[in-house]
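The values are calculated or read from the model by the stated rules, or taken from the named source; none is laboratory data. Not measured: the values here are computed from a predicted model. Don't worry about glycine lacking a Cβ; one is built from the backbone with ideal geometry, like all the others, and counts go over all protein chains shown. Calculation scope for accessible area: heavy atoms of the full protein, side chains included, ligands and nucleic acids excluded. Shrake-Rupley method; radii C 1.70, N 1.55, O 1.52, S 1.80 Å.
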Amino acid sequence: MLDVDETSQLRNERDVINFLPSWLQDFSGANVRMHLLEVVNSSLFPLAFLIAIAIVALVLIDRTGSHPRPADSPGGAVRRRKGRRVTDSPSALPPLTPRVPASPTFTPPAPQPNAPLVVIADDSRLVRIKLSRLLTAAGFRVAEATNGQEALDMLQRGELPSVLITDLEMPSMDGFELIAAVHGAIETEHVPIVAITANEDLQARVGDLSGVYGIFRKPWNDRALIQRVRALSVVAYAH
């Protein structure tokens, strides 16, 4: 049997326990250990989450502060010019290459007014251009004809050439007809003729013609052709 004082004390303790939250009330019971674990777990999870966030923030701040800004690095000042990012770092500048002066293009001297005249008769524009450049560079004056009839008209109405270079296969009047017409007229019979052709079968026929002082197969040898034209122009000048 409890006395009045003990009974009053137990009642006061019970009232205090009832006044506390339920999880604190159980501290006096058998489930104190389990509730204590729940309290620890419910308190440590937010704390651990906050600690992890703080660690990540510290790492990021440390990394950001460990690298110098471009303006602080030597030779790495950065500025903006007209919307472009420009660095003064020597490694960012383009390498300097020595400027090589352009070599002047070679222009052959213009032929003298009294230079020997060579008439070229060929229906190929490419052949006429190549021969014209070759002969002009060698000091000759050049006149071009696209076929035999055009070349014959040039000889009959103008200055006689020192040498006539003709293709053997041309429209209107081929090379054989042109050779026959030139050497059939008294005014032009002394004009030396050089034949050029890409047809091997026509070379044998040229050997039977008089007044032809050379036959060159396309593509020709520039040095040999120039030497032959120079030699023939001297002979023609003597006449």
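Below, the figures for the structure above:
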| item | result |
| --- | --- |
| Meets criteria (farther than 20 Å from Gln227 by Cα, loosely packed, with under 10 Cβ neighbours inside 10 Å and at pLDDT 90 or above) for Leu126 | yes |
| Residue within the range 154-161 that is at pLDDT 90 or above, open to solvent by 10 Å² or more (accessible area, probe 1.4 Å), under 21 Å from Ser132 (Cα atoms) and not in a loop (DSSP other than H, G, I, E, B) present | yes |
| Residue list for the range 135-148, restricted to those being surrounded by fewer than 18 Cβ atoms within 10 Å (Cβ to Cβ) and in a helix (DSSP H, G or I) | Thr136, Ala137 |
| Neighbours by Cβ (under 6 Å, 6+ apart or cross-chain): first from the range 211-235, closer than 23 Å to His183 by Cβ; second at pLDDT below 90 and β-branched (Val, Ile, Thr) | Val212/Val206; Ile215/Val206 |
| Yes/no for Val194 being in contact with a Phe, Trp or Tyr (Cβ under 9 Å, 6 or more places away or on another chain) and either more than 24 Å from Leu135 (Cα to Cα) or not in a loop (DSSP other than H, G, I, E, B) (or both) | yes |
| Members of the range 199-224 that are touching a strand residue (DSSP E or B) at 6+ places or on another chain (Cβ under 7 Å) and not in a helix (DSSP H, G or I) | Gly211, Val212, Tyr213, Gly214, Ile215, Phe216, Arg217, Lys218, Trp220 |
| Test: residue in the range 178-193 that is among the charged types (D, E, K, R) and under 46 Å from the mean Cα position of the chain (by Cα) | no |
| Sole exception among (1) in contact with a Lys or Arg (Cβ under 7 Å, 6 or more places away or on another chain); (2) of a type outside the set (A, V, I, L, M, F, W, C); (3) closer than 18 Å to Ile215 by Cβ for Glu144, by number | (3) |
| Residues located in the range 179-211, provided they are modelled with pLDDT under 90, open to solvent by less than 30 Å² (accessible area, probe 1.4 Å) and within 29 Å of Gly158 (Cα to Cα) | Thr197, Val206, Gly211 |
| All positions within the range 187-205 that are more than 22 Å from Ile226 (Cβ to Cβ) and hydrophobic (A, V, I, L, M, F, W, C) | Leu202, Ala204 |
| Test result for Phe176, of a type in the set (Phe, Trp, Tyr) and in contact (Cβ under 8 Å) with a residue 40 or more places away in the chain | no |
